[in-house]
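To start, the structure under review is shown below, and the notes come after it.
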Amino acid sequence: MRVNNVVCMFCGALCDDLELVVEGDRITEVRKGCAIGKKKFLHYQEPVLSPMVDGKVVDLEEAIQVAVDILSSSRYPLIYGLSSTTCEGQVAAVRLAKAIGANIDSTSSVCHGPSTIAKQIVGVSTATLGEVKNRADLVIFWGCNPAASHPRHFNRYSVLPKGQFIPGGREGRRVVVVDVRPTPTARIADTFLQVTPGGDYEALSTLRALLKKIPPDREEVAGIPLARWEELAEACKAARYGILFFGMGLTMSRGRYMNVVAALSLVRDLNAFTRFGAIAMRGHGNVTGSEQALAWTTGYPFAVNFSRGTPRYSPGEFTAVDLLARGEVDAVLVIASDPAAHFPAAAVRHLEQVPVIALDPHPTVTTSVAKVVIPCAVSGISAAGTAYRMDGVPLRAKKVISVAYPSDAEILASISEGVKQ
Amino acid sequence: MCAKVQATMITGRTSKQGLGLVTGKATKQYRQEVETVELSAALLARLGVQEGERVEISNRWGTVTLVARVAELPEYLVFIPYGPWANVLVGDDTGGTGMPSYKGVPVALQPAGKRGGSGEG
């Protein structure tokens, strides 16, 4: 059987044009996906984990009951992850967090959380990837490397496609890359500006100053001659439709959200001259959805705490790395994420000392340190649901094969039922 | 052995590291990728290390020894793919934002010599 228009939930570009050949409960062929997307569909079709407690295989009900016992007796639990599950799973996680008075945080806090803080400060001139494809004649990639992180972004949305008002495709667009190193993305650029590490805020602020005709009194900014920044500022003003894609070169560097404040302020200022938008290059498939789902249900996008019954928001206080590094939480439920592989060592050390419950279809570093492992269906392959693309457009991820284990949403609902009893 | 060389570390995604996320972190390919440090040929020469040999990288947070791979980078910059080894060198201070400094981290490099092994915290 052939299944068309399948959404790939690997990265935030959420390509929705994949074609799968399915025989029984096996995917035998994937067309149109990138190398990573194809691997995602072909590899691990079955959950290869068994339900486990303390390294011993148990049945699913027992694993869920042990998870219920841990979370019921925890005084300050953390629910973390959420970016590779559906919005249905994310809402179920919020319900559980409310029921047990937990902290709930997503991988957003270690990717574009600072961008979201900046959006709360500045606001954002939004755009969809459809607009970018059809209208953008100036495309800036700042501190991001879609050639490695979002492999089909160029082809589908930002660089190569012919659009309604960009009939020439690549020839109709100028592509600018700003980064501290010549990334694979820089190789496709018309203009590459290699800034010094930590120079982003200064560079973005210089562009804002140039728009306001207040040139800085120096010949070089962030390692680049001022004349090149002047040329870029003029190009931005002259564009018919400009778009700034920005990545973790801004959010993970010194200054963090203030770098993004400068970027979003620049885009806001540019709208006095022309239409300009900004899109965060969201990494995981539904990390955008995690912020949407938390915002509908709690009012806040990440770093939410229910210990007083009502939701409170405080990045730095209720964010996962801080809660772990300070040794505050006494139990952790990880959903669709691998913090043991991606958090700083100090945070991982605490993760190894408290009971961890891991919901994941695949073995990860986190499942190897977890007290309880609960396998689940893979969102977008064996579990359907809603996912948000990096530009905030929701798409329906399909269930294309069946597996023996329930979805994240169903498992979380079972745990919620258990803790209420 | 030469003196330690100061540099700035950034971490990030590579295509192979991304493939490892969907094929399994227990795979040899993933492990090899995240046990790699990219640096310029000039910096490698300053260290007196050949590509494929191990470099010891340390800062106040920890020490790892990683396999050197030449890349087009400024001499003051080293790049380590996201993963458990890079995280040994990432501190837990988030500046009140939740985000640790995964990029722009000061590190010191020296040849690992025959003491080279896998990374350690």
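The values are calculated or read from the model by the stated rules, or taken from the named source; none is laboratory data. Remember, it's a predicted structure, so these values are computed and weren't measured experimentally. So basically every Cβ, Gly included, is an ideal-geometry build from the backbone, and we count neighbours across all protein chains shown.
Just the residues that are surrounded by fewer than 18 Cβ atoms within 10 Å (Cβ to Cβ) and in contact with a Gly (Cβ under 6 Å, 6 or more places away or on another chain), please, taken from the stretch A:188-222.
Listed by number, the list holds a single entry, A:198.
Considering only residues that are part of a loop (DSSP other than H, G, I, E, B) and within 13 Å of chain B (Cβ to nearest Cβ), which ones fall in the stretch A:145-194?
Initially, the stretch A:145-194 is screened for residues part of a loop (DSSP other than H, G, I, E, B), giving A:145, A:150-152, A:159-168, A:173, A:180-185, A:189-190.
Passing the criteria: A:145, A:150, A:151, A:152, A:180, A:181, A:182, A:183, A:184, A:185.
Specify which of the listed residues (A:149, A:106, A:125) is at pLDDT 95 or above, among the small types (Gly, Ala, Ser) and within 30 Å of residue A:412 (Cα to Cα). Show your work before the answer.
Details: A:149 fails: at pLDDT 95 or above; A:125 fails: within 30 Å of residue A:412 (Cα to Cα).
From the options A:149, A:106, A:125, the qualifying one is A:106.
Out of all the residues in the stretch A:299-317, which are of a type in the set (Ser, Thr, Tyr), touching a Gly at 6+ places or on another chain (Cβ under 9 Å) and away from chain B (no Cβ under 12 Å)?
The answer is A:307, and nothing else.
Tell me the residue from A:263, A:278, A:293, A:325 that is of a type outside the set (S, T, N, Q) and within 14 Å of residue A:114 (Cα to Cα), please. Before the answer, list the steps.
Numbers: A:278 fails: within 14 Å of residue A:114 (Cα to Cα); A:293 fails: within 14 Å of residue A:114 (Cα to Cα); A:325 fails: within 14 Å of residue A:114 (Cα to Cα).
Going through A:263, A:278, A:293, A:325 in turn, the sole match is A:263.
Going through the stretch A:95-115 one residue at a time, which ones are within 22 Å of residue B:97 (Cβ to Cβ) and either among the small types (Gly, Ala, Ser) or surrounded by fewer than 24 Cβ atoms within 10 Å (Cβ to Cβ) (or both)?
In the first step, residues of the stretch A:95-115 are kept if they are within 22 Å of residue B:97 (Cβ to Cβ); the result is A:97, A:102-115.
The answer is A:97, A:102, A:106, A:108, A:109, A:113, A:115.
Between residues in the stretch A:234-246 that are assigned by TED's automatic domain parsing to the domain that holds residue A:159 and residues that are of a type in the set (Val, Ile, Thr) and in a loop (DSSP other than H, G, I, E, B), which pairs lie under 6 Å by C-beta distance while being six or more apart or on different chains?
Going by the 6 Å Cβ cut-off, the qualifying pairs are A:239/A:274.
Given the condition closer than 25 Å to residue A:377 by Cα and within 13 Å of chain B (Cβ to nearest Cβ), answer yes or no: does some residue in the stretch A:81-100 qualify?
Within the stretch A:81-100, the first condition is being closer than 25 Å to residue A:377 by Cα, and the residues that meet it are A:81-100.
When the remaining residues are screened for being within 13 Å of chain B (Cβ to nearest Cβ), the result is A:83-84.
Yes, because at least one residue in the stretch A:81-100 is closer than 25 Å to residue A:377 by Cα and within 13 Å of chain B (Cβ to nearest Cβ).
From the list B:65, B:27, B:94, B:11, which one is crowded, with 22+ Cβ neighbours inside 10 Å, over 30 Å from residue A:317 (Cα atoms) and either within 12 Å of another protein chain (Cβ to nearest Cβ) or modelled with pLDDT of 95 or more (or both)?
Working: B:27 fails: crowded, with 22+ Cβ neighbours inside 10 Å; B:94 fails: over 30 Å from residue A:317 (Cα atoms); B:11 fails: over 30 Å from residue A:317 (Cα atoms).
Going through B:65, B:27, B:94, B:11 in turn, just one is crowded, with 22+ Cβ neighbours inside 10 Å, over 30 Å from residue A:317 (Cα atoms) and either within 12 Å of another protein chain (Cβ to nearest Cβ) or modelled with pLDDT of 95 or more (or both): B:65.
Answer yes if at least one residue in the stretch B:25-37 is within 10 Å of the chain's Cα centre (by Cα), outside any loop (DSSP other than H, G, I, E, B) and closer than 23 Å to residue A:114 by Cβ, and no otherwise. Walk me through it before giving the result.
Initial filter on the stretch B:25-37 (within 10 Å of the chain's Cα centre (by Cα)): B:34-37.
Right, trim to outside any loop (DSSP other than H, G, I, E, B) and you get B:34, B:36-37.
If we keep only those that are closer than 23 Å to residue A:114 by Cβ as well, we get none.
No, the stretch B:25-37 contains no residue that is within 10 Å of the chain's Cα centre (by Cα), outside any loop (DSSP other than H, G, I, E, B) and closer than 23 Å to residue A:114 by Cβ.
So, of the residues in the stretch A:195-214 that are assigned to a loop (DSSP other than H, G, I, E, B) and on the phi < 0 side of the Ramachandran plot, which turns out to be farthest from the chain's Cα centre (by Cα)?
Step one: filter the stretch A:195-214 for residues assigned to a loop (DSSP other than H, G, I, E, B), giving A:195-199, A:212-214.
Subset that is on the phi < 0 side of the Ramachandran plot: A:195-197, A:199, A:212, A:214.
On the way: A:195: 25, A:196: 26, A:197: 23, A:199: 24, A:212: 34, A:214: 36 Å.
That would be A:214.
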